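Throughout, read-outs are computed from the coordinates displayed, never taken from laboratory work. Computed from a predicted model, the values in this text were never measured in an experiment. Reconstructed Cβ throughout: ideal geometry from the backbone, glycine too, with neighbour counts over all protein chains shown.
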């Protein structure tokens, strides 16, 4: 936890001032910079004696070999003034590990240049060795005014480094409403009141929690519900209506409402000016006769003033009608054909584009597009033109469509409270529209194009994001994903596999789609590296074969390069699997810095490793790329 200069001074003030005065002999070798920048916490152990590592940047003008003094002081708790600062260590590095020997004591540290005490870190860093968590905050919350809740927190001990007030949202998830640090809530027993204002009428639920840095354990208060009445409520609205349309044409009237401080949802009412009304937000209405009609939108919500929007709409003579425009098949393979059929009325000229031209008002024709094509049927009369469009998707023959592979995608629980999900982005880098499929191959099966599939369509330059892709697919678990281009260029694909189970947001790793040329083939070698500390990280090994399957040999080597185990296995075509290193390597227990050499005896495959942090569940991914 970093403390500002003014707050740090209140804890250490006089001792630090005396130190600066006593050493005011500013030597000629002092750096030109007046402060040591970016003094930061790096790492810490969790037990006493607790070791904490800090790092900092050298000040401007610091010569090589500059000596830094690490200064330290202690106090019994967060609210008690600290003792005078002493030199804990001298170092020429910009990294230092200090030891917190005594349990239940608050430590403060800063760094200065030896002989130049005016060149020091701009603030004080606080850490502690408390092995006992703080007591739970006492929370009282009352509705004190229209749309406002006063929440008062009291902390009865001084072991509290931070105290957080949370309010549950409409989804039931608690989110921080106010944060107090030790300098806000000292001395122990001091009440701290937060005003939560601008609330709509309704019932709100609050809770609070406290922690110290020695345990990092959240201690929660009781949950307190509060009912708010008389909250402020404002209502706004807007309408989107065309200025003109032909008679007999369905017209969409779109309404949007916005509220602030309101409970419940607004209702809308449309008056179309021809004696008919609708209460549908996005209403569709057809005028039978030409003319000028005045329309009105009224939005209503209890507790708010109504919102009114009006306008006029000019209805012209009816356009020609297209009764239908269909195809015997809207998806064909390259070289195939389909039959277009249509029927119109009231048109003096009927055309189909591209490539067909003028046709009768009713008829059919066979077409054989070479690529995905949108056909447009134009029916024209003196009153205007009616258009109907129909897309025919042309897919490459089975097995010939370009494709790439997102080697691992997942939607499943993990260890240590993790829940892993996968977001996928597609980008069309070309100047033409592209169409294709996303095919999910489940774990430990020989995949095929009949596996669960989503169809995509991207305009030129468009990027589309599939949030939690496997849920959209209607599947869960672990597998791989093929991106197939049925028409146009193969889009660029990127996945983010992330853990959504964390308290402070998500952690994850990104993975770019891999192409057939990226796979290891017969005669290729690749290497995976195991983590340096297997106690802190989980290491898994996975692979995905291509159409020919693969026979692979894995050689586990110690950190010094000594072969420990050799395994050869054969895998089916389009086969995906992932397992812990211990399971994959048949019981081998890693000690740290091992390597796994992959050689391909036959076929082709992508081989990868994942590393997940046992504390944060933060994952990363590495591929056994082809060695030169």
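On full extension of the chain, what length is gained from residue 515 through residue 601, given 0.36 nm per residue of separation minus the C-alpha to C-alpha distance?
Extra length from residue 515 to residue 601 when fully extended: 29.0 nm.
Using just the helices of the chain, give the 222 nm mean residue ellipticity in deg cm²/dmol: DSSP H runs with n ≥ 4 each add -39,500 (n - 2.57), and the total is spread over all residues, rounded to 500.
Taken over the chain, the calculation gives -1500 deg cm²/dmol.
How far is the Cα center of the stretch 506-575 from the Cα center of the stretch 579-600, in Å?
Taking the Cα centre of the stretch 579-600 as reference, the centre of the stretch 506-575 is 9 Å away.
Where the centre of each part is set by its Cα atoms, how far does the stretch 443-467 sit from the stretch 309-363, in angstrom?
The stretch 443-467 and the stretch 309-363 have Cα centres spaced 31 Å from each other.
Per residue, how big is the convex hull of the stretch 321-395 when only Cα atoms are used? Give it in Å³.
Spelled out: Cα convex hull of the stretch 321-395, divided by residues, is 67 Å³.
Tell me the label-point distance for the pair residue 224, residue 60, using the 7 Å Cα-to-Cβ offset, in nm and rounded to one decimal.
Computed distance between label sites residue 224 and residue 60 equals 4.9 nm.
Grab the Cα-Cα distance for residue 277 and residue 449, subtract it from 0.36 nm times how many residues apart they are, and report the gain in nm with one decimal.
Gain on stretching residue 277 to residue 449: 56.9 nm.
More than 15 angstrom separation, counting every C-alpha pair in the stretch 429-495; what % is that?
In whole percent, the long-distance tail amounts to 53.
For the residues 365, 67, what sequence is obtained by ranking on other C-beta atoms within 10 Å, fewest first?
67, 365
For a label point 7 angstrom out from the Cα of residue 559 toward its Cβ, which stretches of the stretch 590-628 have the backbone nitrogen within less than 12 Å?
Counting only backbone N, you get 591-595.
Output the relative contact order of the stretch 138-228, whole-number percent, from Cα pairs under 8 angstrom with separation of 6+ residues.
36 percent
Obtain the nm distance between the two label points defined at residue 527 and residue 548 by a simple spin-label model: each point lies 7 Å from its Cα along the Cα-to-C-beta direction.
Computed distance between label sites residue 527 and residue 548 equals 2.6 nm.
With mean projected area of the Cα convex hull in nm² defined as stated, name the option among (1) 40.3; (2) 26.5; (3) 33.4 computed from the structure displayed.
(1)
In the stretch 234-316, what percentage of the DSSP-assigned beta bridges are antiparallel, given to the nearest 5?
90 percent
In whole angstrom, how far apart do the alpha carbon centroids of the stretch 277-295 and the stretch 66-101 sit?
76 Å
So for the stretch 519-623, considering every pair of alpha-carbon atoms, how many percent are separated by more than 21 Å?
More than 21 Å apart: 31 percent of the Cα pairs in the stretch 519-623.
Among DSSP beta bridges whose residues both lie in the stretch 321-395, state the antiparallel percentage, nearest 5.
90 percent
Determine the equivalent ellipsoid of the stretch 247-356 by diagonalising the alpha-carbon gyration tensor, then write out the semi-axes as square roots of 5 times the eigenvalues, largest first, rounded to whole Å.
Over the Cα atoms of the stretch 247-356, the semi-axes work out to 41, 22, 9 Å.
Percentage of Cα-Cα pair distances in the stretch 76-222 greater than 26 Å, rounded to whole percent?
41 percent
Which log10 I(q)/I(0) values does the stretch 403-514 give at q = 0.20 Å⁻¹ under the Debye formula, counting every alpha carbon as one identical point scatterer?
-1.02
Order these peptides, 550-558, 470-478, 167-175, by their mean beta-carbon neighbour count within 10 angstrom, highest first.
Those peptides, ordered most packed to least, come out 550-558, 470-478, 167-175.
Starting from 0.36 nm per residue, how many nanometres of slack lie between residue 494 and residue 101 once their C-alpha separation is accounted for?
Gain on stretching residue 494 to residue 101: 136.7 nm.
Restricting to the chain, compute how many DSSP beta bridges are antiparallel as a %, nearest 5.
Bridges in the chain are about 95 percent antiparallel.
I'd like the Kirkwood hydrodynamic radius of the stretch 119-201, using the inverse of the mean 1/r over distinct C-alpha pairs, in Å.
After inverting the mean inverse Cα-Cα distance, the result is 14.7 Å.
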